[in-house]
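Reviewing the structure listed below.
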Amino acid sequence: MGILHEDVVIIKQTEKEDEATVITINCPDKTGLGCDLCRIILFFGLSIVRGDVSTDGKWCYIVFWVVGKPNTRWSLLKKRLLECCPSCSSANTLIYYPSELLPPKPPDVFLLKFCCHDRQFLLHDVTHALCELELVIQRVKVSTTPDNMVIDLFFITDTRFITFLKQFSTVNKFKLNKCKIRGLLHTPKRKQDTHDHIQAVVGDAMVSCDIQMVGPETTACSHGPPFLIPPSITEHTFSLELLNQCQRGSLHSNHVSVTVDNSLSPVHTLIQIVCRDHKGLIYDIMRTLKDYNIQISYGRFATKGRNDCEIDLFIVQADGKKVIDPSKQNALCSRIRMELFRPLRVAMVNRGPDSELLVANPVELCGKGRPLVFYDITLALKMLNVDVFSAEISRHMIGDREWEVYRVLLDEEEGSSVVRCRIEEAVWSMLMGWE
């Protein structure tokens, strides 16, 4: 028995503003599918308020109730979710990704370089245009010259791509060879569309705009913390032990309860989570479990009231067994608790006489970062009427984890500790969806 391609993803849009849109996914399972789906939903600016997940390891059935922007392009969202789902022709086989074949060839990186006359909130407007084009910002170098000119370097990848996939079968298993991903930004039409979007945003202030393909080394991860960041700030920002040191009532205060129960199921470990809801909550859970190679057999999550969220997950390890080892239980619970308590790090630091905003988030083991972080940062600063003098995005290996670090040098008229606190709080609230 098969399933029609258009029935793999079904989106039932709500007709009332106070009701959620229902997204149903019915397809073969694969490792990390839930994480990939949640990342796409987050990329479209939607929040999951309720969900049900069920899988037997070969086929999965997922229902998400989502809320968000009224102008969501639902047909495009469905297309992106369909691209993420494994082919239905593999329903009778086990799809897995051997470690020697991971990760697949990374997508092409393009350099968008443009120069224009500066104006207020230009950076956010350009970022918004790139997001509308589904271009993912991998790295940024933005600077303002003394004569009020802006030189922006955006290293981007294109989510609209052509994939060439080689596959071969073994005994009742389906192996995927390295796939070649070619972003459509190499085509003249896609380049022209991008140029036109930037031109529409910048207007007559545009001086030049150029798009060219560059090597992957331009977005490579460097070892150690970002240059010029004080060690005390680095230790505070990136420490995984921060949860135990946090004082009640701080800006990032968010009670998180994670418990393990092996008594309710003979074959599954139950993970129960109670915490305050935030933007990308389910994504943060899914990416953590994916990095730990944990499989969800059944899961249910829902928001309670305005803020609280309750999640029940019946999980197994990669070998299909329960999580019995106490050390593994403690490690998994600690990581989940930390990732939900502070999925991102936000801090204001001194850079000489100026103020610099530092934002960081952990990168998935597959190399993908959190969606729309730079967009939310620039939007929060725009709402505060704070200008940006320069900005930079880079990746750094700190400890045993890769981090995506955003550094924004602010153009403040009058710097004060009160203003700094407001900026940090506003950016944090925007990133968490508490604005």
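The values are calculated or read from the model by the stated rules, or taken from the named source; none is laboratory data. For clarity, every value in this text was computed on a predicted model and none was experimentally measured. Note: ideal-geometry Cβ built from the backbone for every residue, glycine included; neighbour counts use all protein chains shown. With ligands, DNA and RNA removed, areas are computed over all heavy atoms of the protein, side chains included. Shrake-Rupley method; radii C 1.70, N 1.55, O 1.52, S 1.80 Å.
A few points about this structure:
For every residue, the table says whether it meets (1) among the basic types (K, R); (2) touching a strand residue (DSSP E or B) at 6+ places or on another chain (Cβ under 6 Å); (3) within 15 Å of E83 (Cα to Cα); (4) touching a residue at least 40 places away in the same chain (Cβ under 8 Å).
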site: E17; (1), (2), (3), (4): no, no, no, yes
site: G34; (1), (2), (3), (4): no, no, yes, yes
site: L37; (1), (2), (3), (4): no, no, yes, yes
site: F43; (1), (2), (3), (4): no, no, yes, yes
site: L46; (1), (2), (3), (4): no, yes, no, no
site: S54; (1), (2), (3), (4): no, yes, no, yes
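- Residue check for D376: among the acidic types (D, E), out of contact with any strand residue (DSSP E or B) (no Cβ under 6 Å at 6 or more places or on another chain), more than 17 Å from V260 (Cα to Cα) and open to solvent by 50 Å² or more (accessible area, probe 1.4 Å): no
- Among the candidates R50, R73, the residue that is at pLDDT 90 or above and closer than 22 Å to D376 by Cβ is uniquely R73.
- Applying the criterion of being open to solvent by less than 40 Å² (accessible area, probe 1.4 Å) and of a type in the set (A, V, I, L, M, F, W, C) to the residues of the stretch 50-73, the residue that is farthest from the chain's Cα centre (by Cα) is C60.
- You will find that of I11, I41, I3, the residue that is of a type in the set (A, V, I, L, M), over 24 Å from W434 (Cβ atoms) and modelled with pLDDT of 90 or more is I11 and no other.
- Number of positions in the stretch 117-135 that are within 16 Å of A391 (Cα to Cα) and either among the acidic types (D, E) or part of a strand (DSSP E or B) (or both): 2
- Hits in the stretch 341-400 (condition: among the hydrophobic types (A, V, I, L, M, F, W, C) and in a helix (DSSP H, G or I)): F341, V373, F374, I377, L379, A380, L381, M383
- Some residue of the stretch 90-99 being over 15 Å from A391 (Cα atoms), within 24 Å of the chain's Cα centre (by Cα) and modelled with pLDDT of 85 or more: no
- When M383 is tested against (1) open to solvent by less than 20 Å² (accessible area, probe 1.4 Å); (2) at pLDDT 90 or above; (3) not charged (D, E, K, R), exactly one condition is not met: (1).
- Here L264 meets the list (1) surrounded by fewer than 18 Cβ atoms within 10 Å (Cβ to Cβ); (2) hydrophobic (A, V, I, L, M, F, W, C); (3) at pLDDT 95 or above almost entirely, failing just condition (3).
- Checking each residue of the stretch 329-345 against the condition of being open to solvent by 30 Å² or more (accessible area, probe 1.4 Å), of a type in the set (V, I, T) and in contact (Cβ under 8 Å) with a residue 12 or more places away in the chain gives no match.
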